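Visitor: Dumping the structure here so I can ask a few things about it.
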Amino acid sequence: MRPSSIVMLAVALVLGISAALLSKVWLQAQVPQPQLAEAAPKVNMGTIVTAAKALRFGNRISSPSGMALAGHSTSRRERSGKSPTL
């Protein structure tokens, strides 16, 4: 093997190893740093009411005694005779 071939092989090895090391350092710098998660906001819990039977469009629904439907009044006078419909 000629001396110039050995020099070129050595240069290629040095450049290849340096490229591999630089790419490893660069890739590790691209990984986002872990961050602490914020505490979840406090959520107000409420009662969920489900239908005991299938409801069709236009069926009138009423609330059980002592429970009000969300967004609606509890007295007939405030409702002016209207009840929520689906």
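FYI, it's all coordinate maths here, none of it is from the lab. All figures in this text were calculated on a predicted structure; none of them were measured in a lab. No Cβ is skipped: glycine too gets one built from the backbone with ideal geometry, and neighbour counts run over all protein chains shown.
Visitor: Would it be correct to say that Leu27 is exposed (fewer than 10 other Cβ atoms within 10 Å of the Cβ), on the phi < 0 side of the Ramachandran plot and either among the hydrophobic types (A, V, I, L, M, F, W, C) or part of a helix (DSSP H, G or I) (or both)? Before you say what the answer is, go through the steps one by one.
Guide: Values: exposed (fewer than 10 other Cβ atoms within 10 Å of the Cβ): yes; on the phi < 0 side of the Ramachandran plot: yes; either among the hydrophobic types (A, V, I, L, M, F, W, C) or part of a helix (DSSP H, G or I) (or both): yes.
Considered against the rule, which asks whether it is exposed (fewer than 10 other Cβ atoms within 10 Å of the Cβ), on the phi < 0 side of the Ramachandran plot and either among the hydrophobic types (A, V, I, L, M, F, W, C) or part of a helix (DSSP H, G or I) (or both), Leu27 comes out as yes.
Visitor: Show the residue pairs meeting these rules: Cβ distance below 6 Å; 6+ apart or different chains; first residue within the range 3-22 and at positive phi; second residue part of a helix (DSSP H, G or I) and loosely packed, with under 10 Cβ neighbours inside 10 Å.
Guide: Between residues of the range 3-22 that are at positive phi and residues that are part of a helix (DSSP H, G or I) and loosely packed, with under 10 Cβ neighbours inside 10 Å, there is no close pair.
Visitor: Could you check Leu55 against (1) in a helix (DSSP H, G or I); (2) surrounded by 10 or more Cβ atoms within 10 Å (Cβ to Cβ) and say which number it fails?
Guide: For Leu55, the failing item is (1).
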